[in-house]
Amino acid sequence: MSQRQVLQVFEQYQRARTQFVQGVADLAARPQSIETLRSAGVVSLLRPLLLDVVPSVRQTAALGLGRLADYNVDLAEAVVKAGILPQLVRSLPEENLAQAVVQSGALETLVICLEDFDPGVKEGACWAFDYIARHNPELSQAVVEAGAVPLLVLCIQEPEIALKRIAASTLSDISKHSPELAQTVVDAGAIAHLAQMIPNPDAKLKRQVLSALSQIAKHSVDLAELVVEAEIFPVVLTCLKDSDEYVKKNGATLIREIAKHSPELSQLIVNSGGVAAVIDCIGSCRGTVRLPGIMMLGYVAAHSENLSMAVIVSKGIPPLCACLIEEHEDHIKAAAAWALGQIGRHTAEHARHVAGANVLPTLLDIYVDTRSSEDLKMKAKKALKNILQKCTHLPALEPLLHDAPPSIMKHIIGQFSKVLPHDSKARRLFVTTGGLKKVQEIKADAGSLLQEYINAINNCYPEEIVRFYSPGYSEILLERVESYQPVL
């Protein structure tokens, strides 16, 4: 038998499956055909086709089952009892299939399943809703309009841990898309029940609870305040010490989503010990678990001088520096660079604290490293600029004079031009450490800002000193020595 003949057999089989599911889906749309289909055992025949290798077969099978389940309660129960929900759930990560389930009218049937006495049926329905809601705002809105949210809130109050987990996950996936969808979850009374479960010993449940509260809080100040009013502090801080890394990460994410909105919310976190707890968390873990905590410190520091100083006083700079050196992922380094820039950008004192931790050379190395991603380079450059523009601690700036590219050099020279005219001790030190000599070697365009800064520095010294340290002056002196005629 030739290869072509073998392949023909498979093609015929695929066409037959496609024709079968399409035919059933069409018949299921006609009420007069329903009983005949049921008698022929159509539910059990469609079930394996939900996992078919061909997407169109899977989608059409789901459409047919949805139409059958929508016909009456008895058929809906037959679909559930045939174990269809788990099969359906495995297929729903595909957005087009989730859309087909919604269009078939199956959501109303799934809502009925949420009211079932059997926890397993409720759990299966929750899984289906979760896989539908996670795709986009439109599918999530369809879940809301089907009336699922109040029943999902009831599910998180049930005693079964598995049911609580998936119900919390579904509420999280509904809330993530928009403030309006999150508000729907809030209006159903979800926040109070979710907040009460933060201390639950089950790690997987805590992950989902913290995620749901984060997805609600992220959208606006008002929603974040409603989460805070559920008295999640200080209990949420215990999650940062949890043995489960996802609990740690989701706990830090929740705190970050609250902190980013306003100085008042950030101050509340500081007052509850949240900044210190996040700093400890960053120091005790590695990798992406650190990321939300790093960003949280950046958001807090960005709001005001006082909040930035609270991060400094809580010893937040050293672990952020460690992230720049220890981490291998560029996006984590980029977040740490950004956070350090937010801490150092306020005043000379803030910048001195950051520069004193030897951050500037590390940021410069990252910026000039050809292996750094473009985003990391951009974040490192912006952080350097933020810190340098406030830094008046010259010993921290001077090492950069020898390695910085022109785009950074102008900010360094700019700071020297501001400090040296008013500090005689710094002027002397600038000469003895080779700083003045280095400035004379810099090539700047006439009339540029960099040239203005260099002129301001040179004006701090006698002309002969500037000339002495200018390139080529030693050769001029040697020529004068050679041409000098001693008086005999």
Verdict on ALA380 being free of Cβ contacts under 8 Å to residues at least 12 places away in the same chain and either assigned by TED's automatic domain parsing to the domain that holds ASP330 or farther than 20 Å from LEU360 by Cα (or both):
no
Which one of these is among the charged types (D, E, K, R) and over 24 Å from VAL209 (Cβ atoms): GLU305, GLU245, GLU257?
GLU305
Every residue in segment 343-378 that is part of a loop (DSSP other than H, G, I, E, B), charged (D, E, K, R) and loosely packed, with under 15 Cβ neighbours inside 10 Å, please.
ASP369, ARG371
If we keep only residues of segment 36-57 that are of a type in the set (Val, Ile, Thr) and in a helix (DSSP H, G or I), then the residue surrounded by the most Cβ atoms within 10 Å (Cβ to Cβ) is VAL42
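Among the residues of segment 415-433, what is the count of those that are over 42 Å from the mean Cα position of the chain (by Cα) and surrounded by 14 or more Cβ atoms within 10 Å (Cβ to Cβ)?
9
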Identify all residues within segment 1-45 that are of a type in the set (Ser, Thr, Tyr) and in contact (Cβ under 8 Å) with a residue 24 or more places away in the chain; write none if there are none.
THR18, SER44
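Whether any residue in segment 399-416 is touching a Gly at 6+ places or on another chain (Cβ under 7 Å) and over 30 Å from GLY273 (Cα atoms) is what I want to check.
Within segment 399-416, one or more residues are touching a Gly at 6+ places or on another chain (Cβ under 7 Å) and over 30 Å from GLY273 (Cα atoms).
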Scan of segment 318-341 for residues that are crowded, with 24+ Cβ neighbours inside 10 Å and either out of contact with any Lys or Arg (no Cβ under 9 Å at 6 or more places or on another chain) or in the same structural domain as PRO399 (by TED's automatic domain parsing) (or both), ordered by number:
LEU320, ALA339, LEU340
Taking the residues in segment 404-414 that are assigned to a helix (DSSP H, G or I) and either small (Gly, Ala, Ser) or touching a strand residue (DSSP E or B) at 6+ places or on another chain (Cβ under 9 Å) (or both) as candidates, determine which candidate is surrounded by the most Cβ atoms within 10 Å (Cβ to Cβ).
GLY414
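The values are calculated or read from the model by the stated rules, or taken from the named source; none is laboratory data. Owing to the predicted nature of the structure, the values given are computational and were not obtained by experimental measurement. In this analysis, Cβ positions are derived from the backbone assuming ideal geometry, glycine residues included, and neighbour counts consider all displayed protein chains.
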